[in-house]
Structure formats: structure tokens, C-alpha cells
Amino acid sequence: MNDYVKWVQETLKVLGYDPGQLDGRDGERTAAAVLSFQQDNGLAADGLVGEATNNALLLALNERIGASLINDSLAARQNQDVLALKNFRPDEFACRCGCGLDLVMPLKHFAQELRDAFGWPLTISSGARCPPVNQDDGGVPDSCHLSGEAFDGYFAGQMNAEVMAAMADFAVARGFGVIRYPRELFCHFQIYPRNSIVYS
Ligand SMILES: [Zn+2]
Ligand SMILES: [Zn+2]
């Protein structure tokens with residue numbers, strides 16, 4: 001058993017090669033894994049770990065660990081977002097056709113803030129919309145919904161001119177644009193432009 005050979009085996013394993021048992025013994029499978037690694041990395045392929053192969057293993061390991069750290073922190077961010085958006089399902093803002101187009105995060109957080117501030121369940125009647133869905137819903141061709149930068153929402157049974165004006169003020173105070181639809185009793189919120197309009 002040799003600690004260095006064991007490190008080589010563990011590293012190869014992490015990198016997706018099959019060095020056999022991680023036993024610190026320099027057997028055939030370890031040599032074969034070293035050979036594959038050398039071939040994949042443009043190194044002289046002799047199955048022996050010299051300085052160049054050692055350095056390439058170190059580099060590949062660092063890249064792999066770095067990538068998994070980044071993935072971990074992304075996953076952690078996403079979990080935080082799920083927790084922060086406590087009154088909404090993760091897919092509630094996405095395009096309804098299932099294409100995967102999603103609302104931008106600042107608007108999701110804004111929806112939660114709005115819901116918290118008013119204390120009523122907020123129904124998202126339209127979130128992100130891919131072109132076919134946008135057309136289906138009668139959206140304008142340059143709709144902000146197309147890029148996931150707008151959503152429509154209402155408080156069921158609570159909508160009137162006063163509430164809608166308060167919702168609009170709330171949005172503008174947080175740097176979002178809003179269009180009120182007094183007849184349909186919903187508000188459209190968008191990233192840009194940041195103005196407040198009443199649709200008539
Ligand atoms: Zn879609
Ligand atoms: Zn809209």
C-alpha cells in the first residue's frame with residue numbers, strides 16, 4: 001500500500017476513471033486508468049504517473065472540485081429561493097406549456113413581497129410566456145412575458161380600484177413597472193419600463 005498510489009487512484013475515480021480497488025497498489029487496472037487519463041489529456045501515454053501526469057491530475061481534480069462547489073452553491077441558492085417564495089409553487093411562474101421558460105427571480109421575490117404586504121393569496125394568472133403561448137393569450141408581439149420579465153396577478157375577491165392603486169404604488173416603490181387592468185381586475189407587473197399605467 002502506497003499513499004501516493006492511493007491518491008492517484010482516488011483522483012482517477014473522482015475524474016470518472018476506473019482504477020479498480022482504491023488499495024494503494026499499482027495494479028493493471030490502475031495503470032489502464034492512468035493510460036486512459038493520459039490519452040484523454042494529450043499526455044505521453046505510458047500508464048506511469050510522472051510529473052506531467054501528476055500535474056494534469058491535480059489540475060483536473062481542482063477543476064472538478066471547483067465545478068462541484070459552484071454547483072453546490074447554485075443548488076443552495078435555489079433552495080433558498082424555494083424557501084423565500086414560501087407561498088408559491090416553483091412552477092407557478094413558468095410558461096404554462098411546460099417549455100421551461102421561467103419568470104426572472106426579482107419578479108418572483110416581488111410577488112412574494114406583494115403577497116406578504118397585502119396578506120392575501122396572490123393568483124398568478126400569467127407568468128412567463130413562450131411565443132406560441134403569448135400568441136394564444138393575445139399578448140402583444142413584444143410582450144415582456146416573452147422574456148419572463150412580466151407577470152399578471154390578482155387577489156381573488158379583493159380587487160377594486162383602491163386595492164389596485166395600492167398594488168401599483170407598492171410596485172413602483174420597489175422599482176417595477178405596473179399596468180392596471182380595471183375591467184379585468186388584474187395587474188401586470190414588469191421589470192421595464194418602470195412606469196405606472198392604467199389600461200383603458
Ligand atoms: Zn411555453
Ligand atoms: Zn401581463
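Ranking Leu61, Ala166, Val82 by how far each Cα lies toward the positive end of the dipole of the chain (charges on Cβ) leaves Ala166 at the top.
One chain, two ends: Arg64 and Gln135. Fully extended at 0.36 nm per residue, the span grows by 21.2 nm beyond their Cα-Cα distance.
Charging the Cβ of each Asp and Glu at -1 and of each Lys and Arg at +1, and nothing else, the dipole of the stretch 86-198 about its Cα centre rounds to 140 debye.
Name the residue, out of Val14, Val82, Val178, whose mean-square fluctuation peaks in a Gaussian network model built on the chain with Cα pairs under 10 Å. Maximum among the listed residues: Val14. Length available on full extension from Ser125 to Ala165: 0.36 nm per residue minus the Cα-Cα distance, which gives 12.5 nm. Comparing Cys187, Cys99, Cys144 in a Gaussian network model of the chain, where Cα atoms under 10 Å apart are tied by springs, the biggest mean-square fluctuation is seen for Cys99. Taking the C-alpha atoms only, the angle from helix 51-84 to the longest principal axis of the chain is near 20 degrees. Ranked for footprinting exposure by Cβ neighbours inside 10 Å, fewest first, Phe37, Phe151 give Phe37, Phe151. Model label points for Glu10 and Ala117, set 7 angstrom from Cα along the Cα-to-Cβ axis, are 5.3 nm apart.
Values in this text are rule-based calculations from the coordinates and carry no lab data. None of the values given here were measured: they were computed from a predicted structure. All Cβ positions, even for glycine, are placed from backbone atoms using ideal geometry, and neighbour counts span all protein chains on display.
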